[in-house]
Structure formats: C-alpha cells, structure tokens
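Taken together, the values in this text are just the output of simple stated rules run on the coordinates, not laboratory data. Keep in mind that what you see is a predicted model, and the values were worked out from it rather than measured. Counting neighbours? That spans all protein chains shown, and the Cβs are built from the backbone with ideal geometry, glycine included.
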Amino acid sequence: MTNFQLWPLVAAVSLASTGLAQAGVGEPSVWSFSGFGTLAAVHSSEKEADFIGSNQQPNGAGRTHATSLAPDSKLGAQISAQFTPELSAVLQVMAQHQYDNRWTPQLEWANVQYRFSPALRVRVGRIVMPTNLVSQSRHVGYANPWVRPPQEVYGSNSITSNDGIDAAYVATFGDAVNTLSGFYGSGTAKLAPATGGTAKANPSRGINNTLAMGETTLRIGFLSTKLDLDVPHLQALIGGFNGFGAAASAIPVASIQAAGAQAYALAQTYALQGMSRQTLSIAALHDTGDWFVMGEFSHFMGKSLFANANYGYATAGYRHGPWTPYATLAGFKTTARTEPGIATAGLPAQLAAGAAQLNAGLNTTLAAAAAASQKSLSLGLRWDFMKNAAAKLQYDHIDLGANATGPTTNRSSSYRPGGNVNLVSVAVDFVF
Amino acid sequence: MKSSRVDLAWTIAVAALLCGPAQAQAQTQVAVVMAPGSSPLSKEQVANLYLGRLAELHLLDLPEGNPTRESFYKRATARDAAQVKAAWSRIVFSGWGMPPREVPDAAAVKRAVAADPKSVGYIEKLAVDGSVKVVLLLE
C-alpha cells in the first residue's frame with residue numbers, strides 16, 4: 001500500500017470546505033469530493049493488554065491508556081469523477097491508527113470503472129475486498145449501526161485490499177434486484193507488530209451474489225486466496241524442517257532417511273508460499289425502516305497452519321425518531337488440530353531431540369492459531385443528532401475462549417488469556 | 001412551584017427530542033415524474049432506484065430539508081433522511097455510484113426530466129403540468 005504524507009489529505013479537506021469542488025446547480029460536474037470520519041473513544045476493562053480496533057494496530061485501550069481514541073477513530077476522503085455516462089473513477093484515502101503507530105493516510109480505493117450497460121460494470125485498479133456484507137464500507141461509521149463492525153467477522157482478515165479487476169452484473173426479477181459480482185487480483189498487508197512480517201494474497205479471488213427484494217437482502221460469497229507469509233519466526237520453523245530433511249537424508253540409515261522424507265513433506269504441507277485459504281459466507285438483512293435484523297455466518301476452511309473457523313453475528317435494532325438502540329450477539333469458534341510430525345522412534349538421541357523440538361514448534365503454532373474462540377454481546381444506542389452526523393454509545397462484553405487473547409495486543413507478562421473484557425465506546429460518525 | 005415548572009420543561013424537552021422532527025407537513029401527494037411517454041414505475045422500483053440498488057435512470061433530488069423530499073423518501077422507501085444518507089454513504093464510499101443530483105425546486109425537476117428521457121424526479125402533485133408524465137403517485 002502506498003504511503004502518503006498527511007498534506008494531500010489536509011489539502012483535499014480544505015478544498016472541500018472552500019466549496020471549490022462543489023458543482024454548479026443545474027449542471028452535473030465531472031468531479032465530486034466527499035468524505036467520512038469517526039471520532040471515537042473506547043475504554044477497556046483489561047488492564048494487562050490493549051484492546052485494538054484493527055489487528056494491525058500496535059497499541060490501544062486498556063494497558064497503555066485506560067481510554068483511547070486510537071482504536072476506532074479514522075478519517076477518509078474521496079474524489080469521484082464521472083468523465084462520461086459510462087466512464088468514472090474513484091480515489092479514496094483513509095487515515096487510521098496503523099501498524100507503525102502512525103496515522104499515515106493509505107490508499108483504500110483507486111480505480112476506473114466502465115459501465116457497459118445499466119446491467120454490467122467493470123472496475124480496474126484497487127478495490128476493497130467484498131469479503132462480507134459491509135466489508136467495502138466497514139470504515140464508514142455513519143453507514144453502519146455499530147461503533148465498529150463485529151470483530152468476530154470483520155476482524156479476521158489482515159488483507160483487505162485487492163489490486164486487480166472486479167465486475168458486477170445486475171439483473172432484475174420483477175421488483176427484486178440481483179447483483180452477481182466477482183473479483184480477481186492481489187493484495188498485501190503488514191502484519192501486527194507482535195507477529196511481524198507481511199502477508200501477500202496472490203491471487204485473491206472471490207465471487208458473490210446479492211439479492212435485494214424489498215425489505216430483505218440475501219448474500220452468499222466465496223473467497224479463495226493463495227497466501228504468501230513472510231513472517232520471520234514461521235520461516236525459521238519451516239526452515240528447520242527443511243534443514244532436518246537435508247541432514248537426515250544424508251545419513252544412509254533407512255529409518256533416518258524416512259524421517260528426513262517426513263520432514264521434507266511437512267515443510268511442503270506447511271509451506272509459507274501458496275497457502276490455500278477459502279471462506280464461504282452468507283448474510284441476510286431485513287430492514288423495514290422501523291426495525292432491522294441482520295446476520296452473517298462464515299466458514300473458513302482451515303488448512304496448513306490455519307485453523308478451521310466458524311464465525312458469525314446477529315444484530316437487531318429498532319428506530320424511534322432519531323434514536324436507534326441495537327444489540328449484537330457474535331461468536332468466533334476455531335477447531336484445533338494437531339500434527340504428529342516427524343516420527344522419533346528409532347532415531348538416535350540427538351536427531352530425536354531435534355525432531356521433537358520441531359514437532360513441538362509446529363504444534364504450538366497450530367494451537368496458537370486455534371486459540372482464537374470468543375463470543376460477545378454488544379448493546380448500543382445510535383443518535384442521529386444532526387444532519388450528516390450520528391453519535392453512538394456502545395457496551396461490549398467479550399467472553400474469550402480458552403487461551404484466547406481476543407482483539408488485544410501489547411500484553412503484559414501478567415496477562416491471563418481467556419476471561420472477559422468489557423468495553424465502553426463513545427463515537428461520533430460523520431459524512432461530508 | 002419552581003421545581004415542578006422545571007420538571008415540566010424537562011419533560012417537554014425530552015419528549016420533543018424523542019419525537020423527532022415535527023410532523024407538520026400537509027398530506028399532499030408526491031408525484032414521481034419523468035418525460036412524457038414514459039412507462040409507469042412501481043413503488044418498489046422507485047425505492048430500488050433511490051436507494052442505489054439499480055442504476056438504470058438518472059436520479060434527481062430536491063434539496064435536503066425540503067418537505068417534499070422528506071415525504072417522498074418516507075413514502076417510497078420507509079426511510080428518513082438520515083437512513084437514506086447512510087444507505088447512499090455505503091454506495092458512494094464503495095465506489096459503486098453517486099447519489100441523486102440535487103436541483104433547487106419543482107420547476108428545475110420538470111425542466112431536467114423533460115430534457116432527458118432517462119431522468120426521474122419527484123415533485124408535489126400540485127406542481128405537475130403537461131411538461132411531465134406522472135409515473136407513480138405516492139399518497
């Protein structure tokens with residue numbers, strides 16, 4: 001992702017406020033400028049770790065400061081251009097607290113769209129991956145009921161951007177509107193400081209179908225990615241298996257050679273290049289205008305170092321004038337897997353110890369990936385107190401599964417995984 | 001005496017806050033209009049267009065705060081101004097489309113739809129004349 005200095009964002013915001021980007025009335029302008037933002041404070045009950053809003057943040061609320069503006073505050077600015085009725089382009093940058101402790105604006109969207117017909121549109125460039133129902137607008141607090149989208153579903157991917165192509169085909173059946181869309185490209189992300197390194201999705205591809213029928217919207221999506229992980233401690237582990245394989249294969253004893261072959265095979269199975277990841281997601285939303293219910297469920301097919309996971313949430317809300325109270329139940333459940341590893345029986349003591357160490361390292365990594373279960377209950381209130389702005393108050397009770405650390409980082413030596421975290425958040429979302 | 005007046009003032013203030021904007025609009029009909037010769041539209045089709053689900057027509061809006069605009073959205077989509085803004089924000093910031101073009105008044109709506117057969121707008125029924133066709137009447 002390209003790093004920008006802060007000044008283009010400030011310049012763009014100044015441009016908007018002087019009205020230079022506004023169209024003359026009665027004539028559509030080619031250019032339009034818009035933006036969104038959230039100013040939010042969150043207080044966490046967990047004193048030995050920091051609650052974070054995105055899994056790439058290096059610190060947050062709880063340990064560093066009891067209450068913090070960092071996890072959820074953000075500012076986005078967008079320039080849209082409609083060159084002809086068919087050809088348009090979008091550029092969006094967004095600033096939030098990120099992996100290097102700065103707020104450098106990042107390029108979220110940068111693409112050119114061509115509308116072949118009212119039914120078919122194609123985009124080339126950078127898009128945000130449509131992994132789940134509101135993935136592409138998860139940062140736009142004003143568009144969403146919650147202070148933050150349920151992290152059990154929306155927090156699980158580090159790579160959220162795709163550089164490539166996407167297309168959508170819209171068909172109507174009576175009053176129902178069906179949109180079939182797909183994307184293909186690649187994306188990268190810097191991983192959380194605790195893990196270190198980067199992840200690259202190449203290719204990243206997905207297909208999804210959304211059916212909007214009056215008050216009800218249904219969506220199904222399938223995402224398939226090949227991931228390359230450039231993470232030092234994992235590379236050391238896989239390197240260890242390859243090293244063992246090389247050493248064992250050089251010794252002309254059948255049982256040792258067999259162990260060597262096993263080590264090579266394990267290095268292949270758990271290789272950090274071309275790791276296959278697949279997710280199937282469904283979503284449903286029913287919104288009458290007066291009340292709404294929405295829910296999503298995803299199944300992540302765990303392979304290699306990734307644990308199998310099922311996750312989802314359900315939210316309900318009721319609107320009374322400018323007030324929308326809402327409640328959410330969410331859960332994330334992983335299935336643990338163990339790997340027998342290299343058979344140590346019949347190996348000389350030194351090799352057996354080496355193999356055992358590698359096996360332990362592998363199983364620790366698998367266990368860590370699986371120690372991510374949690375459930376949560378959120379209660380909140382949204383108040384649309386003025387045009388283009390909404391205030392929110394939200395309470396979250398997160399019940400972490402065994403050995404799970406949840407959405408935290410910067411854990412002290414006294415930190416105990418599992419247990420509960422209580423959050424209180426106050427946010428103001430706005431669009432301009 | 002003083003405390004009960006203060007209590008009353010608080011109660012009225014809280015009630016006013018909870019009741020939202022005053023429902024003082026007259027029950028005038030809102031007409032969705034297009035160029036003469038256009039086919040009628042159903043309420044669901046108008047809702048799909050004005051919530052950004054369908055991009056087949058060029059959409060026109062009256063200015064924000066205009067009572068006809070508020071009536072139109074309430075009757076066609078069952079949503080208030082904030083909910084409509086939230087729906088369009090999702091679309092705009094996903095790069096999928098642009099919200100309706102704002103024009104100042106009914107006369108401007110009529111000029112715009114008469115000039116472009118792929119345009120649609122809404123005005124008070126009382127403002128309808130021969131220059132436009134009513135494709136949907138919202139009570």
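Brief remarks follow.
- Centre-to-centre separation between the Cα atoms of segment A:33-65 and those of segment B:70-88: 32 Å.
- Simple rule: put +1 on each Lys or Arg Cβ and -1 on each Asp or Glu Cβ in the protein assembly as shown, find the dipole, and look at A:G245, A:I282, A:A349; the Cα lying farthest toward the positive end is A:A349.
- Fraction of alpha-carbon pairs over 18 Å apart in segment A:57-160 - percent: 58 percent
- Taken as Cα centroids, segment B:99-114 and segment A:92-141 sit 31 Å apart, rounded to the nearest whole angstrom.
- In whole angstrom, segment A:138-240 maps to an equivalent ellipsoid with semi-axes of 34, 18, 10, each derived as √(5λ) from the alpha carbon gyration tensor and ordered largest first.
- Expected 222 nm ellipticity per residue - DSSP helices of 4 or more, -39500 (n - 2.57), all of chain A, to 500: -5500 deg cm²/dmol
- Shape call, segment B:27-67: gyration tensor on alpha carbons, a/c limit 1.5: oblate
- Enclosing the Cα atoms of chain A in their convex hull gives a volume equal to 156 cubic angstrom per residue.
- Candidates A:F241, A:F116, A:F33, ranked by Gaussian network fluctuation over chain A, Cα under 10 Å, top entry: A:F116
- In terms of overall dimensions, segment B:25-138 has a Cα radius of gyration and Dmax of 13.0, 39 angstrom.
- Under 23 Å from B:K110, Cα to Cα: lysines that are on another chain or at least 8 residues apart: B:K43, B:K74, B:K118, B:K125, B:K133
- With respect to chain A, whose longest principal axis is taken over its alpha-carbon atoms, helix A:7-17 is tilted by about 20°.
- Amide N of segment A:309-338 lying under 14 Å from the label point, which is placed 7 angstrom from the Cα of A:E215 along Cα→Cβ: A:317-319
- Build a GNM of chain A with springs between Cα atoms under 10 Å apart, and of A:A314, A:A254, A:A66 the one that fluctuates most is A:A254.
- Inverse of mean 1/r across different Cα pairs in segment A:237-309, Kirkwood, Å: 15.6 Å
- Number of partner chain Cβ atoms within 10 Å, mean per residue of B:50-58: 4
- Taken over segment A:246-404, the alpha-carbon convex hull comes to 139 cubic angstrom per residue.
- If R0 is 51 Å, the Cβ-Cβ spacing of A:V112 and A:A316 corresponds to a FRET efficiency of close to 0.85.
- Degrees, to the nearest 10: A:232-249 long Cα axis against longest axis of chain A: 30 degrees
- Rh by Kirkwood over Cα pairs, then Stokes-Einstein D for segment A:385-424 at 1.002 mPa s and 20 °C, µm²/s: 172 µm²/s
- Shielding by partners, peptide B:66-78 (average Cβ within 10 angstrom, other chains): 1
- Peptide A:130-139 is shielded by partner chain Cβ atoms: per residue, an average of 2 of them sit within 10 Å of its Cβ.
- Between segment A:196-218 and segment A:380-410, the alpha-carbon center distance in angstrom: 23 Å
- P(r) tail fraction, segment A:196-338 - alpha-carbon pairs more than 24 Å apart, %: 54 percent
- GNM result for chain A, Cα springs below 10 Å: residue of A:T315, A:T335, A:T38 fluctuating most strongly: A:T335
- Once C-alpha pairs closer than 8 Å and six or more residues apart are averaged by separation and normalised to the residue number of segment B:25-138, the relative contact order reads 51 percent.
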